[in-house]
Amino acid sequence: MNVVVAEHAGFCFGVTKAVETVYDRIKDGNSNIYTFGPIIHNETVVGDLERKGVKVIENPDELNEITDGTIVIRSHGVTRQILGKLTDTGLNIIDATCPFVKRIHKIVGEESAKGKSIIVVGSKSHPEVEGIVSYAGESVYVIESPEKAREFDGDKSLEYTVVSQTTFNRNKFQETIEILNNYGYNINVVNTICNATDERQSEAETIASKADVMIVIGGANSSNSRKLFEICSQKCINTYFIQTLDDLHLDLPKSVGLVGITAGASTPKNIIEEVQNYVRTNF
């Protein structure tokens, strides 16, 4: 049996930057370290940081109780309003927002200033999308899927600039764009799905199309990991989504010739290696 691990699996550039930022503060001996929101959507990493004394702020009201320390902004970014509140605290604020997300903030801000309406293709409740929306003007819409694009009832006399959540499913993004075009909307598309996401999804789809079994590793709340699972499931019926090796319960028949493994952008390398070594050794 062959085991193929995706080359583009695990931490992406933005996640690496954010996580290393927090660990560097710990190494420097900083006390009272906080992250605004989980630094990444991976329970293992967040749990390790908490054991090292890092606290997660979930609500802006919690800022009123903090008088000293360092606050690191999560990789997904925060809304413009929350960024203002963080700055007003006078605490040491380190912005670890992914540069690709910051680019989208800039795009929607500039396009809104030109009078354009904004369409964000992504998950409305995801912190990245909430942040992006806050940088747009009043005329901003979130479309979560091609199905929602068909239901969109916007003013067709307006000009729309369309951006995407960085980790959105590339195939569904293209489908959404085609629907908006077909429905007669005047749209200017800026494909803001990051290169790492595009490469990860393409590679996962290729491996899954050949695999008898596909394993996707990612955090329970990781949007990009869930999208990988969705993509792989369409190509390989035996696709499993796990967070760690403890979740892996495989009973593989002898006929299985190829097991593929991929992982979301917030999955640490050591977890990928544990799963890979276990599959190679036990099957």
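The values are calculated or read from the model by the stated rules, or taken from the named source; none is laboratory data. Just so it is clear, the structure is predicted and the values come from calculations on it, not from any experiment. Quick reminder, even Gly has a Cβ in these numbers, built from the backbone with ideal geometry, and neighbours come from all protein chains shown.
Can you pull out every residue in the stretch 179-215 that is assigned to a helix (DSSP H, G or I), of a type outside the set (A, V, I, L, M) and within 28 Å of Cys98 (Cα to Cα)? Within the stretch 179-215, Asn195, Thr197, Asp198, Glu199, Arg200, Gln201, Ser202, Glu203, Glu205, Thr206 qualify. Only one entry of Gly29, Gly53, Gly84 meets the criterion of being loosely packed, with under 15 Cβ neighbours inside 10 Å, small (Gly, Ala, Ser), over 17 Å from the mean Cα position of the chain (by Cα) and assigned to a helix (DSSP H, G or I), and that entry is Gly84. When the residues of the stretch 228-283 are filtered to those that are in a loop (DSSP other than H, G, I, E, B) and either of a type in the set (A, V, I, L, M, F, W, C) or assigned by TED's automatic domain parsing to the domain that holds Asn42 (or both), the one that is surrounded by the most Cβ atoms within 10 Å (Cβ to Cβ) is Ala265.
Do we find a residue being in a helix (DSSP H, G or I) and either assigned by TED's automatic domain parsing to the domain that holds Ile26 or in contact with a helix residue (DSSP H, G or I) (Cβ under 6 Å, 6 or more places away or on another chain) (or both) anywhere in the stretch 64-79?
So far as the stretch 64-79 goes, yes, one or more of its residues are in a helix (DSSP H, G or I) and either assigned by TED's automatic domain parsing to the domain that holds Ile26 or in contact with a helix residue (DSSP H, G or I) (Cβ under 6 Å, 6 or more places away or on another chain) (or both).
Pairing residues of the stretch 4-16 that are more than 12 Å from Pro99 (Cβ to Cβ) and assigned by TED's automatic domain parsing to the domain that holds Thr244 with residues that are surrounded by 17 or more Cβ atoms within 10 Å (Cβ to Cβ) and of a type in the set (Phe, Trp, Tyr), at Cβ distances under 6 Å and at least 6 apart in sequence or on separate chains, gives no pairs at all. Val133 satisfies every condition listed in (1) of a type in the set (Val, Ile, Thr); (2) within 20 Å of the chain's Cα centre (by Cα); (3) within 28 Å of Cys232 (Cβ to Cβ); (4) modelled with pLDDT of 95 or more except (3). When every residue of the stretch 117-128 is checked against the conditions, none turns out to be within 18 Å of the chain's Cα centre (by Cα), in the same structural domain as Thr21 (by TED's automatic domain parsing) and part of a loop (DSSP other than H, G, I, E, B). Every condition in (1) surrounded by fewer than 20 Cβ atoms within 10 Å (Cβ to Cβ); (2) of a type in the set (Gly, Ala, Ser); (3) closer than 21 Å to Tyr185 by Cβ is met by Ala136 except one, and the failing one is (1).
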